[in-house]
Amino acid sequence: LRDLIASAAELSARRGTAEGLRRFLHLATGVSGFTIEDIPGAFHLNVGVPAAAAGQLPLVRRIVAATKPAHTTSSVELQPEPAP
């Protein structure tokens, strides 16, 4: 939570970008590996959630809904675990 608050200015400057959303999700969940696919011209974001953040899907969905551009739709999906 401290890291999230300390990064508030940086996150605000990057709001509405894929990199800003990825950073926000990483700081809020403590898990890295989120993928953001921005489909050009479709105004849609596909957000991939790493398996380590599976228990935090409701939080991830709220963050995506609150920080994505208003004209953009989104989907949040759990990524499959990588094979050993």
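The values are calculated or read from the model by the stated rules, or taken from the named source; none is laboratory data. Keep in mind the model is a prediction, meaning the values are calculated, not measured. Cβ coordinates were reconstructed from backbone atoms using ideal geometry, including for glycine residues, and neighbour counts include every protein chain displayed. Remember, those area values only see protein heavy atoms, side chains included, never the ligands or the DNA or RNA. Shrake-Rupley method; radii C 1.70, N 1.55, O 1.52, S 1.80 Å.
Consider the stretch 1-60 and keep the residues that are touching a strand residue (DSSP E or B) at 6+ places or on another chain (Cβ under 9 Å) and small (Gly, Ala, Ser). The one that is farthest from His71 (Cα to Cα) is Ala51. Listed by first and then second residue, the pairs with beta-carbon distance under 6 Å, at least 6 apart or on different chains, first residue in the stretch 22-36 and under 13 Å from Ala52 (Cβ atoms), second part of a loop (DSSP other than H, G, I, E, B) and open to solvent by 40 Å² or more (accessible area, probe 1.4 Å), are His26/Ser32. Selection of first residues in the stretch 47-68 that are of a type in the set (A, V, I, L, M, F, W, C) and of second residues that are outside any helix (DSSP H, G or I) and open to solvent by less than 40 Å² (accessible area, probe 1.4 Å), restricted to Cβ pairs under 6 Å at least 6 apart or on distinct chains, gives the following pairs, ordered by first then second residue: Val47/Ile36; Val47/Val76; Ala52/Val31; Ala53/Val31; Val60/Val49; Val60/Val76; Val64/Val47; Val64/Val76. When Ser74 is evaluated against the numbered criteria (1) of a type in the set (S, T, N, Q); (2) surrounded by 15 or more Cβ atoms within 10 Å (Cβ to Cβ); (3) within 10 Å of the chain's Cα centre (by Cα), which criterion, by number, is the only one it fails? Evaluating Ser74 over (1) of a type in the set (S, T, N, Q); (2) surrounded by 15 or more Cβ atoms within 10 Å (Cβ to Cβ); (3) within 10 Å of the chain's Cα centre (by Cα) leaves (3) as the failure.
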